[in-house]
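The values are calculated or read from the model by the stated rules, or taken from the named source; none is laboratory data. Just so it is clear, the structure is predicted and the values come from calculations on it, not from any experiment. All Cβ positions, even for glycine, are placed from backbone atoms using ideal geometry, and neighbour counts span all protein chains on display.
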Amino acid sequence: MQVTAIAPQEINHRLAVFERECRRKGLRITNQRREIFKAVASSRQHPSAEAVLLSVRRTLANVSLDTVYRTLSTLEQMNLLTRVGTSSKEHFDGDLRPHAHFICTRCGEVYDVFVPQTSNSWEPQMLPCGKVQHINLQFKGICKRCNR
Ligand SMILES: [Zn+2]
Ligand SMILES: [Zn+2]
């Protein structure tokens, strides 16, 4: 699959939002949290906790998988990341724009699916049972690469 890299300005923007939100919510910005967030925010691959651990090992020498996982969960609770669960693995997403995911049932790859800007179906709505705060839409199928 051709994965286009995230532009450095976009990564800097995500880090700026991260720091602003941490300050606003009173979450201390530790080097560990920043590096773990950056690992997710600078990847389009929707990395798992294991993949995040591999990429932060260079900068955070003694970090454990458990710490990475707990930090990711904290950041998710603060709405700084989202979690994309598949049947086999949990993936983390630093792109907070409304989008859906296509999950390949063969290779497990998670692809972003953006709906046209004209659609207002992503706006939080009132449903008979309550107010929508987050939409988590997943498509499952066989990706182009596996289908070849
Ligand atoms: Zn696939
Ligand atoms: Zn995504």
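Key figures
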read-out: Residue list for region 6-38, restricted to those being out of contact with any Lys or Arg (no Cβ under 8 Å at 6 or more places or on another chain) and either closer than 26 Å to C146 by Cβ or in a loop (DSSP other than H, G, I, E, B) (or both); value: A7, G26, R28, T30
read-out: Residue match in region 30-38 (condition: closer than 26 Å to H13 by Cβ, within 16 Å of ligand 1 (Cβ to nearest atom) and at pLDDT 90 or above); value: no
read-out: Residue identified as at negative phi, within 16 Å of ligand 1 (Cβ to nearest atom) and not assigned by TED's automatic domain parsing to the domain that holds R14 among E90, E109; value: E109
read-out: Filtered residue count, region 109-120, keeping only those that are modelled with pLDDT under 90 and either surrounded by 11 or more Cβ atoms within 10 Å (Cβ to Cβ) or closer than 25 Å to V52 by Cα (or both); value: 2
read-out: Count of region 94-106 residues which are among the hydrophobic types (A, V, I, L, M, F, W, C) and within 10 Å of ligand 1 (Cβ to nearest atom); value: 3
read-out: Some residue of region 121-138 being within 16 Å of ligand 1 (Cβ to nearest atom) and either of a type in the set (A, V, I, L, M) or under 19 Å from the mean Cα position of the chain (by Cα) (or both); value: yes
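Every residue, every condition in (1) away from ligand 2 (no atom under 15 Å from the Cβ); (2) surrounded by 16 or more Cβ atoms within 10 Å (Cβ to Cβ); (3) in contact (Cβ under 8 Å) with a residue 60 or more places away in the chain, yes or no:
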{"site": "Q9", "(1), (2), (3)": "yes, no, no"}
{"site": "R23", "(1), (2), (3)": "yes, no, no"}
{"site": "R33", "(1), (2), (3)": "yes, yes, no"}
{"site": "I36", "(1), (2), (3)": "yes, yes, no"}
{"site": "P47", "(1), (2), (3)": "no, yes, no"}
{"site": "Y69", "(1), (2), (3)": "yes, yes, no"}
